[in-house]
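K.L.:
Quick one: the structure is below, questions incoming.
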Amino acid sequence: MKSQWNFWIDRGGTFTDIIALSPSGEISTKKLLSQNRSVYHDAAIHGIRQFLRLEEGSPIPADAIASVKMGTTVATNALLERKGAPTLLAVTKGLADVIEIGYQDRPKTFALKIEKPDVLYESVIEIGERVL
C-alpha cells in the first residue's frame, strides 16, 4: 500500500476542483473558490492542506505527496475569449496552415462565401525537426 497522496486539480476562474487519492486508495473531492483571500492565498494549496489535515500556513511535507497534476481553464478561457497575451503557434516545418485548413468540414457544402472562425494565434513559426 502506498503511503503518499495523489492530487488532480483544475483551477478555474470561479472554482478550483480537487480530486485526491489517499494512501489507502480512497478517492475524495473538494470544490473551493479560486479567489478567497480572506481565508487562503491559494485554493490548490489550501485544498491539499485540508486533505492532509494541516493547519493553514503550515508546510506541506513533500514526502506525503506522490504527485500533483494541475490543469487550468483560466488559460483556455483567456485564449478563447482573446483576453490574454498574443499567442504563437509552433509547428513542424510544412504544417503552418494545418489548423487553418482543419478537417475541411463545411456545414453549407455549396456556399460560395465560406466564413471560417478566426484562428486563436497571432503568428506561426515552423520548426525543422527530426521525426524519427
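The values are calculated or read from the model by the stated rules, or taken from the named source; none is laboratory data. This one's a predicted model, so the numbers in the text were calculated from it and none came from an experiment. Glycine gets a Cβ as well: all are built from the backbone with ideal geometry, and neighbour counts include every protein chain shown. Accessible surface is based on the protein model in full, side chains and every heavy atom, while ligands, DNA and RNA are left aside. Shrake-Rupley method; radii C 1.70, N 1.55, O 1.52, S 1.80 Å.
K.L.:
Quick one: among Phe51, Phe15, Phe110, which has the greatest mean-square fluctuation in a GNM of the chain with alpha-carbon springs under 10 angstrom?
P.N.:
For the chain, modelled as a Gaussian network with Cα springs under 10 Å, the answer is Phe110.
K.L.:
So for the chain, taking the charge dipole from beta-carbon charges (+1 Lys/Arg, -1 Asp/Glu), which of Pro117, Ala96, Ala62 sits furthest toward the positive end?
P.N.:
Toward the positive end, the furthest listed residue is Pro117.
K.L.:
Per residue, how many Å² of accessible area does the chain show with a 1.4 Å probe?
P.N.:
Heavy-atom accessible area per residue stands at 77 Å².
K.L.:
If each Cα of the stretch 70-131 is one equal point scatterer, what is log10 of I(q)/I(0) from the Debye formula at q = 0.23, 0.25 Å⁻¹?
P.N.:
-1.04, -1.07
K.L.:
May I pose another question? Determine the percent antiparallel among the DSSP beta bridges restricted to the chain, to the nearest 5.
P.N.:
Percentage antiparallel, nearest 5: 50.
K.L.:
Given labels modelled 7 Å from the Cα in the Cβ direction, how far is it in nm from Thr87 to Ile45?
P.N.:
2.8 nm
K.L.:
Let me ask something else. Based on the alpha-carbon gyration tensor of the stretch 1-73 and its eigenvalue square roots a ≥ b ≥ c, which shape applies: rounded if a/c is under 1.5, prolate if not and a/b is larger than b/c, or oblate?
P.N.:
Oblate is the answer for the stretch 1-73, as a/c is 1.5 or above yet b/c matches or exceeds a/b.
K.L.:
For the Cα atoms of the chain, what angle does the longest principal axis make with the long axis of helix 43-52, in degrees from 0 to 90, nearest 10?
P.N.:
With rounding to tens, the tilt is 40 degrees.
K.L.:
State to the nearest 20 debye the size of the charge dipole of the chain about its Cα centre, where the only charges are +1 on K and R beta carbons and -1 on D and E beta carbons.
P.N.:
200 debye
K.L.:
Follow-up. What is the local net charge at Leu89, summed over the other residues whose Cβ is closer than 11 Å to its Cβ (Lys, Arg +1; Asp, Glu -1)?
P.N.:
Within the 11 Å Cβ shell, the charges total -4.
K.L.:
Then there's this: Which three semi-axes in whole Å describe the equivalent ellipsoid of the stretch 46-93, each the square root of 5 times a Cα gyration tensor eigenvalue, listed largest first?
P.N.:
Rounded to whole Å, the semi-axes are 35, 15, 8.
K.L.:
Using r as the Cβ-Cβ distance of Val119 and Ser67, and R0 as 25 Å, what FRET efficiency do you calculate, to the nearest 0.05?
P.N.:
0.15
K.L.:
Hey, in the GNM for the chain with a 10 angstrom Cα cutoff, which one of Gly13, Gly94, Gly25 fluctuates hardest?
P.N.:
Result for the chain, Cα springs under 10 Å: Gly94 fluctuates most.
K.L.:
Okay, next question. Identify which of the listed values of Cα Rg over 2.2 N^0.38 Å was calculated from the structure shown: (i) 1.10; (ii) 1.53; (iii) 0.94.
P.N.:
(ii)
K.L.:
Evaluate the distance, in nm, between pseudo-label points positioned 7 Å from the Cα of Val74 and of Arg130 along their respective Cα→Cβ axes.
P.N.:
So the label points at Val74 and Arg130 sit 4.0 nm apart.
K.L.:
Can you give the local net charge around Ser123? Use residues other than it whose beta-carbon is closer than 15 angstrom to its beta-carbon, Lys and Arg +1, Asp and Glu -1.
P.N.:
Every neighbour counted, the sum reads -4.
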